[in-house]
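This report concerns only the one structure given below.
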Amino acid sequence: MIPAMTYDEFRRQLGKAGLTVKGFAELIKQTPNSITNYATHGEVPPHLAIIAALMGDMAESGLDYRTTLARIHFEASKPRGGAEKGKFGGSKQTNLNLTSNS
C-alpha cells in the first residue's frame, strides 16, 4: 500500500511546479486556507496529492501544466458550512414565527 502524501511532500511537489500553496489554491479555485488546513493533519487528500505530483512531474519534464488546466472549465466549490441568514449552520430549519407577548 502506498502511504499518503505528507503536507511537506505536497509543498515540495508544488515547489517543483513553481507554485506556492496560494497559487495552487487559485488554480483549483479553492481558498488558500482550505489547503493550508491540511498542514495540521500532516497529510493531504489523495486527489490533491495526485494533482500536485502530476504538476511537479510535468514541470520537471518541461511540460506546461497551466495550458492543460486552462482547457478545463469548472466552478469554484461552494464553501462548506456557509450558513444562510436566520439558519443555523445552513440547515433547513423551518421558521417558527414566534411572537413575543410584550
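Pairing each residue of the stretch 31-55 that is at positive phi with any residue that is part of a helix (DSSP H, G or I) and hydroxyl-bearing (S, T, Y), provided the two are 6+ apart or on different chains, yields C-beta distances under 6 Å for G42/Y7.
Any idea which residue in the stretch 47-95 is surrounded by the most Cβ atoms within 10 Å (Cβ to Cβ), counting only those that are over 18 Å from the mean Cα position of the chain (by Cα), at pLDDT 70 or above and among the aliphatic types (A, V, I, L, M)? Only one residue tops the list, namely A59. Residues of the stretch 44-68 that are over 16 Å from A25 (Cα atoms), not in a loop (DSSP other than H, G, I, E, B) and not polar (S, T, N, Q): D57, M58, A59, E60. When the stretch 2-34 is limited to residues that are modelled with pLDDT under 95 and β-branched (V, I, T), the one that is nearest to F74 (Cα to Cα) turns out to be I28. Those residues that are under 16 Å from M58 (Cβ atoms) and of a type in the set (K, R), I need them from the stretch 12-48; list them, please. Once the filter is applied, which keeps residues that are under 16 Å from M58 (Cβ atoms) and of a type in the set (K, R), the stretch 12-48 yields R12, K16.
The conditions of being surrounded by fewer than 17 Cβ atoms within 10 Å (Cβ to Cβ), touching a helix residue (DSSP H, G or I) at 6+ places or on another chain (Cβ under 6 Å) and touching a residue at least 24 places away in the same chain (Cβ under 8 Å) are met by K16.
The values are calculated or read from the model by the stated rules, or taken from the named source; none is laboratory data. Worth saying up front: this structure is predicted, and the values here are computed from it rather than measured. Virtual Cβ from ideal backbone geometry, glycine too; neighbours counted across all protein chains shown.
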